[in-house]
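Nothing in this text is a laboratory measurement; each read-out follows from the coordinates by a stated rule. These numbers come from a predicted model, not from an experiment. Counting neighbours? That spans all protein chains shown, and the Cβs are built from the backbone with ideal geometry, glycine included.
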Amino acid sequence: MIHRTNNMEATKENWKVVVERKRTARQALLPSQWLIPADELPTEEVYDVTNFCAEGKWLTPEELNITTKTITALAALIADGGVSALDVVSAFAHRATIAQQLLNP
C-alpha cells in the first residue's frame, strides 16, 4: 500500500533534502584543486559575478586568455599550435568549475 500525504510542509522538506543531497554530490565531483575556499566566494548580496574570473586570481593568465577568445580566434590559435586541445578543454573545465561554485546552476 502506498501512503500519500497531503502535508505540504513534508513535501517542501523532502525537496529541500533532495536539493542538499544533490548539491553535496555535485560538490564532491568538482576537482579539488579548482575549488575556491568558501570564505573567498562572494557573499549572497553580490548579484554580479561577471568579473570574478577576470580579476585573475582563480584562473591562470593562459586559462583566462583561452576562455575569453572568440571561437574563431581560438580555432586559429589551436591550428597554429599556440595551444593544445587539452589546454582548451582544461581551461574551460576550470572556468566551469568556478561557475558551479559561484552560480549554482
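Take the alpha carbon gyration tensor of region 44-101, find the square roots of its eigenvalues, order them as a ≥ b ≥ c, and report rounded if a/c is under 1.5; if not, report prolate when a/b exceeds b/c, else oblate. Prolate is the answer for region 44-101, as a/c is 1.5 or above and a/b outweighs b/c. FRET efficiency for the pair Asp48 and Ala96, taken as 1/(1 + (r/R0)^6) with r the Cβ-Cβ distance and R0 = 25 Å, rounds to 0.85.
Using the Kirkwood radius over C-alpha pairs as Rh, can you work out the diffusion coefficient of region 8-105 via Stokes-Einstein at 20 °C, viscosity 1.002 mPa s, in µm² per second? Numbers along the way, then the final one.
On the way: Rh = 15.6 Å.
Once the numbers are plugged in, D ends up at 137 µm²/s.
Basic side chains Lys and Arg get +1 at the Cβ, acidic Asp and Glu get -1 at the Cβ, and with that the dipole of the chain about its Cα centre reaches some 600 debye.
Using helices alone, I'd like the mean residue ellipticity at 222 nm for the chain: each DSSP H run of four-plus residues gives -39500 (n - 2.57), total over residue count, nearest 500.
Working: 4 runs with 57 residues, N = 105.
One gets -17500 deg cm²/dmol as the mean residue ellipticity at 222 nm.
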